[in-house]
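Remarks on the structure that follows.
The values are calculated or read from the model by the stated rules, or taken from the named source; none is laboratory data. Source: prediction; values computed, not measured. Using ideal geometry, Cβ is built from the backbone for each residue, glycine included, and neighbour counts are taken over all protein chains shown.
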Amino acid sequence: MSDGAALSVYERPEEVSSPQEALTLLKEGNQRYLTGQTLKQDVGVEKRKHLVEKGQKPFAVIVSCSDSRLPPELLFDQGLGDLFVIRVAGNVLGPLTMGSVEYGVEHLRAPLLVVLGHNHCGAVKAAVDGGEAPGSIGAIVERIRPSVEIVRTSGVTGSAVYEHVEDINIKAMVTEVQASPVVQEFLEKGNLLVLGAKYCQETGQVEFFE
């Protein structure tokens, strides 16, 4: 972090209603992150008090993998009250995670919804490699297996299978979230943008599937 960045406190418009404005905020934040120019985040008493009294107004809903190397607030250089994050291994959706997504869209009015996956995903590896998954881990693996089948029938082989399954799984979850009646309503009104995205651990860059 440069000395100039260290003295700068991140600020954003309190009201972000445009999907494109929200996407720009994420892209700019990720650019700061991958170049080491992240800004100082306000986590002080007044900021916390303001969020309690005025309520949260996150500008994006992020469905991301639970991988400890993938914290959305850091990857996008955002702070308290900026992102409504739902994290689950494999960035897969189910009734509970979908309920959280719909809350962020319908109640919090976030104009952007991103399904964020990443490379070297352990959940994807488990689904590709097969074998028995203990406990409830199997439920996650089962959600990814359709993407594995799509990639295998396409003729992709070797280590490339993992990368392709990661991509197909992200896109499958985007399709699934778009099928939600709540999400559909906001999409039809033009008040919401839904995108898939993938984080590269080596570079720090987030690629949006636009």
Sole residue being at pLDDT 95 or above, out of contact with any Asp or Glu (no Cβ under 6 Å at 6 or more places or on another chain) and aliphatic (A, V, I, L, M), chosen from A5, A60: A60
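Any residue at all in the range 172-184 that's under 30 Å from Q37 (Cβ atoms) and part of a helix (DSSP H, G or I)?
Of all residues in the range 172-184, those under 30 Å from Q37 (Cβ atoms) come to 174.
From the residues that got through so far, the ones that are part of a helix (DSSP H, G or I) too are 174.
Yes, because at least one residue in the range 172-184 is under 30 Å from Q37 (Cβ atoms) and part of a helix (DSSP H, G or I).
Can you say whether L70 is assigned to a loop (DSSP other than H, G, I, E, B) and under 30 Å from V161 (Cβ atoms), as far as the supplied structure shows? If you could, list the steps in order and put the result at the bottom.
Values: assigned to a loop (DSSP other than H, G, I, E, B): yes; under 30 Å from V161 (Cβ atoms): yes.
Criteria met by L70.
For N119, state whether it is of a type outside the set (A, V, I, L, M), closer than 24 Å to V206 by Cα and surrounded by 20 or more Cβ atoms within 10 Å (Cβ to Cβ). Write out each step before concluding.
Values: of a type outside the set (A, V, I, L, M): yes; closer than 24 Å to V206 by Cα: yes; surrounded by 20 or more Cβ atoms within 10 Å (Cβ to Cβ): no.
No.
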Residue list for the range 54-74, filter: surrounded by 18 or more Cβ atoms within 10 Å (Cβ to Cβ) and within 10 Å of the chain's Cα centre (by Cα): A60, V61, I62, V63, S64, C65, L70, P72
Test: residue in the range 51-67 that is over 22 Å from V105 (Cβ atoms), part of a loop (DSSP other than H, G, I, E, B) and not hydrophobic (A, V, I, L, M, F, W, C): yes
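Are any residues in the range 185-210 in a strand (DSSP E or B), without any contact (Cβ under 8 Å) to a residue 60 or more places away in the chain and in contact with a helix residue (DSSP H, G or I) (Cβ under 9 Å, 6 or more places away or on another chain), and if so, which ones? Reasoning before the result, please.
Restricting attention to the range 185-210, the residues satisfying the condition of being in a strand (DSSP E or B) are 193-199, 206-209.
This time we only want the ones that are without any contact (Cβ under 8 Å) to a residue 60 or more places away in the chain, so: 207, 209.
If the condition is that a residue be in a strand (DSSP E or B), without any contact (Cβ under 8 Å) to a residue 60 or more places away in the chain and in contact with a helix residue (DSSP H, G or I) (Cβ under 9 Å, 6 or more places away or on another chain), then F209 is the only one that fits.
Among V165, V183, which is the only one that is more than 30 Å from H107 (Cα to Cα), crowded, with 18+ Cβ neighbours inside 10 Å and modelled with pLDDT of 95 or more?
Values: V183 fails: more than 30 Å from H107 (Cα to Cα).
It is V165.
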Some residue of the range 81-93 being touching a Ser or Thr at 6+ places or on another chain (Cβ under 6 Å) and in a loop (DSSP other than H, G, I, E, B): yes
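Any idea which of A22, A110 is touching a residue at least 60 places away in the same chain (Cβ under 8 Å), touching a Pro at 6+ places or on another chain (Cβ under 7 Å), more than 28 Å from V165 (Cα to Cα) and buried (at least 16 other Cβ atoms within 10 Å of the Cβ)?
Working: A22 fails: more than 28 Å from V165 (Cα to Cα).
Only one candidate passes the filter, namely A110.
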Residue that is farthest from A123 (Cα to Cα), among those in the range 154-184 that are in contact (Cβ under 8 Å) with a residue 40 or more places away in the chain and over 18 Å from the mean Cα position of the chain (by Cα): V182
Residue, farthest from E202 (Cα to Cα), within the range 72-106, restricted to residues that are of a type in the set (V, I, T) and in contact (Cβ under 8 Å) with a residue 40 or more places away in the chain: V105
Residue list for the range 94-106, restricted to those being assigned to a helix (DSSP H, G or I) and over 12 Å from the mean Cα position of the chain (by Cα): P95, L96, T97, M98, G99, S100, E102, Y103, G104, V105, E106
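Checking the condition modelled with pLDDT under 95, in contact with a helix residue (DSSP H, G or I) (Cβ under 7 Å, 6 or more places away or on another chain) and of a type outside the set (V, I, T), which residue from K47, K40, K54 passes? Reasoning before the result, please.
Numbers: K47 fails: in contact with a helix residue (DSSP H, G or I) (Cβ under 7 Å, 6 or more places away or on another chain); K54 fails: in contact with a helix residue (DSSP H, G or I) (Cβ under 7 Å, 6 or more places away or on another chain).
Exactly one of K47, K40, K54 is modelled with pLDDT under 95, in contact with a helix residue (DSSP H, G or I) (Cβ under 7 Å, 6 or more places away or on another chain) and of a type outside the set (V, I, T), namely K40.
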